[in-house]
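The next block holds one structure in the form of structure tokens; read it before the comments.
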Amino acid sequence: MSGKGIQIMGLRKRYGSGDTAVDALKKVDMRVAPGEVVGLIGPSGSGKTTLLKCLGAVIEPTAGKMILGDDVIYDDGWKVKDLRALRRDRIGFVFQAPYLIPFLDITDNVALLPMLAGIPNAEARNRARELFKALDVEHRAKAMPSQLSGGEQQRVAIARGLVNRPPVILADEPTAPLDSERALAVIRILNDMAKKFETAIIVVTHDEKIIPTFRRIYHIRDGVTYEEAGEGRDFE
Amino acid sequence: MISLAGRDILHSWGKFVFTGMGLGLLIGITLSMAGIYRGMVDDAKVLLDNSGADLWVVQKDTLGPYAEPSSIYDDIWRGIRGMPGVYQAANITYLTMQVSKEGGDVRVMVAGITPGGPGTPGWPPYLVAGRQITRSHYEAVADIASGLKLGERIRLRRHHYTVVGLTRRMVSSNGDPMVFIPLKDAQEEQFLKDNDAIRAQRRRTAENPAFNRPGVPGLLDAIIASQSTNPYVNAVLVRVKKGHDPEQVAEFIRRWKRLTVYTRSQMEEILVGKLIATAAKQIFMFLVILSLVSSAIVAFIIYTLTLGKIREIAVLKLIGTKNRTIIGLIMQQSIALGLIGFVVGKISATLLMAPIFPKYVLLEPLDSAIGFIAVVMICILSSIVAIRAALRVDPAEAIGG
Ligand SMILES: Nc1ncnc2c1ncn2[C@@H]1O[C@H](COP(=O)(O)OP(=O)(O)OP(=O)(O)O)[C@@H](O)[C@H]1O
Ligand SMILES: [Mg+2]
């Protein structure tokens, strides 16, 4: 999957109106190339989650422009009719908590996404298993989420974010519950996957352990983004 | 695509089975309630069927003999027998009493039947054991539900009777088992007082100078004899000749005798429409209340189950699940709960409840079918609250803060 990754230009988001209005995003400019993992860092209340929600098409920005791959999805208004399908086919989500569906085994947790897109069950499960191989949870493919460790659950959640091979993955604090070794392992996986599937990945984080791994970092303060070169430290 | 509802049920089957069982007992009671009503209607119908009559001739302007007291002279039947279209006419007397037997007493309806043998209106049409009454006194045929046994001796007021035969499903409109005895005996039991009362009455008659005149020997004896016989019965049962319209025959009797005559359908209307109408309304109210309680329970359970899945629903929405799929998930679970409840309810009504209810419980397949449809409808309606809650869930919630 190629294309231009993610481009955000002059994005603004205002919650509410009148006296109680909050300008959560004032001027956001970002650019993430396919195959790249960038960090998004900022103090609490600076607008990180708001930005992910706009990009994830679950809330509507107030103004600006967002481009996903070759398509303008937002230009002072949505340019895509079916936001649900947009989320399903073109955006992968990885959350701070894995949020797996407790009544499905982990294969079906992941295979559910291609199934929702109309792909036959067997093929959907094959896709899930391929990812499990890469993420080293293959041996637990039949387990229920509650039978996995936190780190294993997080890897399954990453597989779920990747399974429809979206051009974009949005990760909100994906390493928060993990120790430093596991946190680095998750970042390594995200980097591998970004390269393998040409995915543009944005990782929101507070996590001191992983910040040095990014080559490029966006800082956000009071709804305004600033770009910065990261250390891009090797974590092998 | 996989069935999300099915997977969720399999995953938490314990919760579903237990709530389904609770709901099932409620549904079982509801089905039994309907069965009790059907049983009451059936009791009324078998009473009419078993009497073998086409027409009931009763005291003028009464709803007798079952719904109101009726009293007519015991020689009226002769006049009726000679009327056109009448095949058979027979006196009948009913009295409800408590009969003591081994291990407690039982409430029965005693029917006094005229001599004449099986086939005479009022006689039990068939026996399951023993024989019909052959002597003219002190023999009885009892319904098996009374718990009486062949050869058992029972006391009805002043006399002892031997049970010589047993019937099945011969019950009054109240569902009390019937006991058949000869008409003459029944008239006596209905009329006769205890010994003290008789003695007191004789003394009073003898003390009355109008009845005890020295110049008229035999007058006092004749008066006492007339006071201690009962020339009344409750009704005359009439069987119509083949090819005659019962309504026409009834009309003829009405015109010539100062009596009220009911056909089979009128009698059924009296029993079902009047005698058990209040009981039926009561049962209907119970059905309504039980349905409301069941809906409330289903709605509450499904709502709670859905609230427990809010996060999963938010995730499902975020990853692009259609609203239709989420509605399906909740509604299918609701219907599944209803199905478990209905199966448990039907089984418990049939195997547990019907046998232990003292009244006859008639579980009609049609009622079960209606009950089934009602359960499914209730479950669909009850899931609406939960569905509204699920549809309000914002996919942004899955991302967090
Ligand atoms: N639904 C909302 N309505 C009104 N204001 C909101 C809403 N969501 C967020 N805000 C405000 O917008 C600003 C940015 O919030 P956001 O959740 O994006 O911050 P954040 O960077 O994710 O913070 P944290 O690191 O604490 O998660 C905050 O001032 C917040 O109070
Ligand atoms: Mg946040």
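Figures for the structure shown
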| item | result |
| --- | --- |
| Relative contact order (%) - criterion: Cα under 8 Å, at least six apart; region: chain A | 28 percent |
| P(r) tail fraction, the range A:181-222 - alpha-carbon pairs more than 17 Å apart, % | 32 percent |
| Calculated SAXS-style log₁₀ I(q)/I(0) at q = 0.07, 0.09, 0.11 Å⁻¹ - the protein assembly as shown, Debye, Cα scatterers | -0.64, -0.81, -1.05 |
| With 5 Å bins from 0: P(r) over chain A, alpha-carbon pairs, percent | 1, 7, 14, 18, 20, 17, 12, 8, 3, 1, 0, 0 |
| Sequence of B:TRP256, B:TRP77, A:TRP78 once ranked by neighbouring C-beta atoms within 10 Å, starting from the fewest | B:TRP256, A:TRP78, B:TRP77 |
| Angle between chain B longest axis and helix B:365-392 axis [Cα atoms, degrees, rounded to 10] | 30 degrees |
| Within the protein assembly as shown, percent of DSSP bridges classed antiparallel, to nearest 5 | 65 percent |
| Of all DSSP beta bridges in the range A:101-236, antiparallel share, percent nearest 5 | 55 percent |
| Compactness of chain B as Cα Rg over 2.2 N^0.38 Å, two decimals | 1.46 |
| Simple Cβ-charge dipole of the protein assembly as shown, Lys/Arg +1 and Asp/Glu -1, about Cα centre, in debye nearest 20 | 1320 debye |
| Amide H contacts of B:ARG107 (H built 1.01 Å from N, under 5 Å, at least 5 apart or other chain) | B:VAL99 |
| Neighbour cut-off at most 14 other Cβ (10 Å), DSSP loop, trypsin sites (Lys or Arg not before Pro), the range B:1-62 | B:LYS60 |
| Relative contact order (%) - chain B, alpha-carbon pairs under 8 angstrom, separation at least six | 29 percent |
| Overall Cα dimensions of the range B:302-356 - principal axes, largest extent first, Å | 54, 18, 10 |
| Around A:VAL156: net Lys/Arg minus Asp/Glu count, Cβ-Cβ under 15 Å | +2 |
| Acute angle (nearest 10 degrees) that the helix A:106-116 long axis makes with the longest principal axis of chain A, alpha-carbon atoms | 60 degrees |
| Sorted largest first, extent of the range B:183-248 alpha carbons per principal axis (Å) | 60, 28, 15 |
| Hull volume in cubic angstrom per residue (convex hull over the Cα atoms of the range B:246-401) | 157 Å³ |
| Selection from B:ALA89, B:THR167, B:VAL141, by position along the positive dipole direction of the range B:83-232 (Cβ) | B:VAL141 |
| Antiparallel bridges, percent of DSSP beta bridges restricted to the range B:99-250 (to nearest 5) | 55 percent |
| For the range B:91-179, alpha-carbon Rg relative to the globular expectation (2.2 N^0.38 Å, N residues) | 0.97 |
| Point-charge dipole on Cβ atoms (K/R +1, D/E -1) for the range A:100-208, about Cα centre, debye to 20 | 440 debye |
| Nearby lysines by direct alpha-carbon distance to B:LYS257 (threshold 19 angstrom, same-chain neighbours under 8 apart not counted) | B:LYS60 |
| Surrounding net charge for B:ILE76, when Lys and Arg each add one and Asp and Glu each subtract one, Cβ distance under 14 Å | +4 |
| 0 to 90° range, to nearest 10: angle between helix B:323-347 axis and chain B longest Cα axis | 30 degrees |
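No value in this document is a laboratory result; all are computed from the given coordinates. Because the structure is predicted, anything quoted here is derived from the model rather than measured. Heads up, the Cβs are rebuilt from the backbone with ideal geometry, glycines too, and the neighbour counts pull from every protein chain shown.
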